[in-house]
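The values are calculated or read from the model by the stated rules, or taken from the named source; none is laboratory data. On a predicted model such as this, the values are computed, not experimentally measured, just so you know. Every residue, glycine as well, gets a Cβ built from its backbone with ideal geometry; the counts of neighbours run over all protein chains shown.
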């Protein structure tokens with residue numbers, strides 16, 4: 001059975017997202033979009049726990065961080081001892097622009113079973129000034145060029161959202 005959960009964070013807050021996999025034959029996709037455009041601290045903790053085996057999850061976290069904002073992302077995939085046959089992946093990526101933006105990403109794995117696939121990836125970087133220069137040299141204003149880069153960065157996940165009422 002395929003399930004999708006979507007979370008959108010667009011104001012400074014501490015948010016914990018817990019995902020429990022307690023049934024077999026579940027294919028879960030979790031999408032977390034963070035728009036840290038307002039100055040402040042955004043703290044995100046994503047936890048997935050596999051209590052039974054024979055299921056899989058894909059957890060995708062993307063954040064854009066503007067001037068004066070801090071994004072601190074942590075994630076944990078936990079696979080319990082009896083949860084054999086699990087396949088899980090956690091990805092956390094952040095794009096910063098402005099000189100005072102800060103982003104951290106710390107994915108982790110805790111695996112007690114031995115017949116599983118589990119991995120994670122993380123990347124944090126600044127908006128590429130060369131890309132901005134290129135777009136501006138083609139007549140685009142800086143704000144529009146930044147928006148285009150942000151839309152491209154987030155677009156891979158926004159295009160996966162099945163419930164289009166969540167995404168305008």
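I want to confirm something. Restricting to the range 38-73 and keeping residues that are within 14 Å of residue 125 (Cα to Cα) and in contact with a helix residue (DSSP H, G or I) (Cβ under 8 Å, 6 or more places away or on another chain), which single residue is surrounded by the most Cβ atoms within 10 Å (Cβ to Cβ)? Top of the filtered list is 64. Would you mind stating whether residue 125 is surrounded by 14 or more Cβ atoms within 10 Å (Cβ to Cβ) and touching a strand residue (DSSP E or B) at 6+ places or on another chain (Cβ under 9 Å)? No, not satisfied. Just checking, does the range 99-119 include any residue being loosely packed, with under 12 Cβ neighbours inside 10 Å and over 22 Å from residue 47 (Cα atoms)? Checked the range 99-119: at least one residue is loosely packed, with under 12 Cβ neighbours inside 10 Å and over 22 Å from residue 47 (Cα atoms). When 91, 146 are checked against the criterion of being touching a residue at least 12 places away in the same chain (Cβ under 8 Å), buried (at least 17 other Cβ atoms within 10 Å of the Cβ) and part of a strand (DSSP E or B), 91 stands alone in meeting it. A single member of 98, 85 is outside any strand (DSSP E or B), modelled with pLDDT of 95 or more and over 14 Å from the mean Cα position of the chain (by Cα), and it is 85.
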